[in-house]
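First up is the structure itself, then whatever we jot down about it.
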Amino acid sequence: MTHTDVLNLTIREAAAQIERSALSPVELTEAMLQRIARVDKTLNAYITVCGEQAREVALAAEKMIRAGYHLGPLHGIPVAIKDNIYTRGVRTTAGSKILADFVPQEDATVTARLKRAGAVIIGKTNLHEFAWGGTTDNPHYGTCRNPWNPERFPAGSSGGSGAAVAARTCLGALGTDTGGSIRLPSSVNGIVGIRPTIGRVSNHNVVPLAWTMDTVSPMARTVEDCVLMFEIIAGHDPLDDHSASAPVPDYRGELGRGLRGLRIGLIRDYSLSHVQRAVGDTIRAALKTLESLGVDIEEIAMPSIQGNISAQLTIESCEPSTYHQEWLRTRADDYGDDVRTLLELGEMYLATHYLQAQRYRSVLRKEFVEGFKRVDVFVTPTLPFTATPCGATKVVIEDNREEDMLSAIMQFTGVPSLAGLPALSVPVGFDADGLPVGMQIIGRAFDEATLFRLGHAYQQATDWHRRAPRL
């Protein structure tokens, strides 16, 4: 295989070759490290590259295979981890100056599970400071850039993980998602990302943003690869008090079921409203493809949907400000200007504002429960726009009107976050400038399997996920 062939392998393809000793974990890891050295000066997707450690683990993985031991589909696979997820012995900065020298003495549960599955952790990825923002324009570790166009942003807060996967510097990565921080970078970087149901994946030893909405999950180039990582990290964790005991299904076994009779819901006056034209056209084309695969599409009214951005901003302001309260009083100057401002604003909300936002979540969740009596999933764009220039604080969606970036980013991804539902972002095309467009698929609580099934069937019928940025 050529060097380029190795870089373009999916997790499934690489795993198959590693298992039959046609590809060495050492060779694969070295290819990724060389790729990081070549392109990450431009992208700045990594805060810490674990080169020496990764080589040692890859060599150990190769020796195990030679000895007849194979740990499964992640054995010898290089993955990256967002830098707010604990890694024992490797600094975990959360993209901040405050935790710049923090080296955890134990792993996050998700990190430990990846290690036990034989994954090679190749580095810690850049993020918006403390995961509180949607651009990954980090004042402490530098701006992360989009591999499809380095003048454009990779979104956030898991922008480093999204850029790293798209740029072929790892085969998969972990991100965190509160209001959209996995799905947003997945959309603008042209990859797949899943936000799980609250409680499906452990948050133990993950630096929090907003406790009642935080989740951890994989980002990869294909739905199948996402599943291979997800089934390793999903499941109950006694170390996380909010971890659910719901059984973890056979996700891989569900992938090939097909879509005949599956029902897709579009939220009336919302799913395809207030989006850039290229985004709307691309989502409509994706829906036509899904119809050709046997799905039925129905429009459903959801009267309370318009209140979601206000509720999300309230919760994502109050809860982070609670966590950061002491540092705001003792180390305020160590925050970036944007994050410090958001945290200070969070302290100005009244308890009544926060409680009303939480009440709204119950109303929204109830409307989804009713909607799921008629459909199996809901579909929206992941973002109403494609990647904006790095540093931009405004975005134009329609009618040449500038809008606040933070509010516009939350338009669609905040909905399942508030309702506590799983949502998958899948690449479905590009705009005229060659920038990716993502489609968000929202499912019932703990029904990630249906999201994976639909996304996988779509990828079997299209080739958007096979396209690679030129770097």
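The values are calculated or read from the model by the stated rules, or taken from the named source; none is laboratory data. The shown structure was predicted, so the numbers you read here are calculated from the model rather than taken from an experiment. All Cβ positions, even for glycine, are placed from backbone atoms using ideal geometry, and neighbour counts span all protein chains on display.
General observations
- Identity of the residue in the range 368-413, more than 19 Å from the chain's Cα centre (by Cα) and part of a helix (DSSP H, G or I), that ends up farthest from D137 (Cα to Cα): E370
- Given (1) of a type outside the set (A, V, I, L, M); (2) closer than 27 Å to W464 by Cα; (3) at pLDDT 95 or above, number of the condition G420 does not satisfy: (2)
- Residue-level check: of (1) among the hydroxyl-bearing types (S, T, Y); (2) in a helix (DSSP H, G or I); (3) within 30 Å of P73 (Cα to Cα), S243 misses just (2).
- One residue stands out among those in the range 16-44 that are among the aliphatic types (A, V, I, L, M) and in contact with a His (Cβ under 7 Å, 6 or more places away or on another chain): the one that is farthest from P147 (Cα to Cα), which is I18.
- Pair list, Cβ < 8 Å and 6+ apart or interchain, from the range 447-471 residues that are at pLDDT below 95 to residues that are buried (at least 23 other Cβ atoms within 10 Å of the Cβ) and not hydrophobic (A, V, I, L, M, F, W, C): L471/P147
- The one condition in (1) among the small types (G, A, S); (2) closer than 18 Å to I47 by Cβ; (3) in a loop (DSSP other than H, G, I, E, B) that S161 fails to fulfil: (3)
- From A61, A31, residue being within 17 Å of L114 (Cα to Cα), surrounded by 15 or more Cβ atoms within 10 Å (Cβ to Cβ) and among the hydrophobic types (A, V, I, L, M, F, W, C): A61
- The residues in the range 331-340 that are buried (at least 16 other Cβ atoms within 10 Å of the Cβ) and not in a helix (DSSP H, G or I) can be counted, and the count is 2.
- Hey, Y354 at pLDDT 95 or above, outside any helix (DSSP H, G or I), surrounded by 13 or more Cβ atoms within 10 Å (Cβ to Cβ) and aromatic (F, W, Y) or not: no
- Residue within the range 234-257 that is in contact with a Ser or Thr (Cβ under 8 Å, 6 or more places away or on another chain), buried (at least 19 other Cβ atoms within 10 Å of the Cβ) and more than 30 Å from Q325 (Cα to Cα) present: no
- Yes/no for N149 being surrounded by fewer than 24 Cβ atoms within 10 Å (Cβ to Cβ), closer than 21 Å to D237 by Cβ and at pLDDT 95 or above: no
- Residue that is within 19 Å of L290 (Cβ to Cβ), in contact (Cβ under 8 Å) with a residue 40 or more places away in the chain and of a type outside the set (A, V, I, L, M), where the choices are S417, S425: S425
- Residue check, G199 without any contact (Cβ under 8 Å) to a residue 60 or more places away in the chain and over 15 Å from D83 (Cα atoms): yes
- Selection of the range 89-117 for residues being under 18 Å from G172 (Cα atoms) and part of a loop (DSSP other than H, G, I, E, B) yields A108, A117.
- I65 falls short on exactly one of the conditions (1) in contact (Cβ under 8 Å) with a residue 40 or more places away in the chain; (2) not in a helix (DSSP H, G or I), and that condition is (2).
Let's see how each residue does on (1) touching a residue at least 12 places away in the same chain (Cβ under 8 Å); (2) within 18 Å of the chain's Cα centre (by Cα); (3) more than 19 Å from Y270 (Cα to Cα):
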| site | (1), (2), (3) |
| --- | --- |
| Y335 | yes, no, yes |
| E347 | yes, no, yes |
| R359 | no, no, yes |
| V437 | yes, yes, no |
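- All positions within the range 151-197 that are within 10 Å of the chain's Cα centre (by Cα), farther than 23 Å from R38 by Cβ and of a type in the set (S, T, Y): S157, T176, T178, S181, S186, S187
- Scanning the range 209-234 for residues that are assigned to a loop (DSSP other than H, G, I, E, B), closer than 18 Å to G190 by Cβ and among the β-branched types (V, I, T) yields a count of 1.
- Per-region count, the range 364-389, residues among the β-branched types (V, I, T) and free of Cβ contacts under 8 Å to residues at least 24 places away in the same chain: 1
- Any hit, the range 86-98, residues being over 22 Å from S217 (Cα atoms) and free of Cβ contacts under 8 Å to residues at least 12 places away in the same chain: no
- Residue match in the range 127-147 (condition: among the charged types (D, E, K, R), part of a helix (DSSP H, G or I) and touching a Ser or Thr at 6+ places or on another chain (Cβ under 7 Å)): yes
- Candidates K115, K97, K124: the one that is of a type in the set (K, R) and touching a His at 6+ places or on another chain (Cβ under 6 Å) is K97.
Conditions (1) farther than 30 Å from Y323 by Cα; (2) in contact with a helix residue (DSSP H, G or I) (Cβ under 9 Å, 6 or more places away or on another chain), marked per residue:
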| site | (1), (2) |
| --- | --- |
| V26 | yes, yes |
| A31 | yes, yes |
| I47 | no, yes |
| G51 | yes, yes |
| K63 | yes, no |
| P73 | yes, yes |
| G89 | no, yes |
| D101 | no, no |
| D107 | no, yes |
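- When the range 39-58 is filtered for residues that are surrounded by fewer than 16 Cβ atoms within 10 Å (Cβ to Cβ) and either in contact (Cβ under 8 Å) with a residue 40 or more places away in the chain or in contact with a Cys (Cβ under 9 Å, 6 or more places away or on another chain) (or both), only T42 remains.
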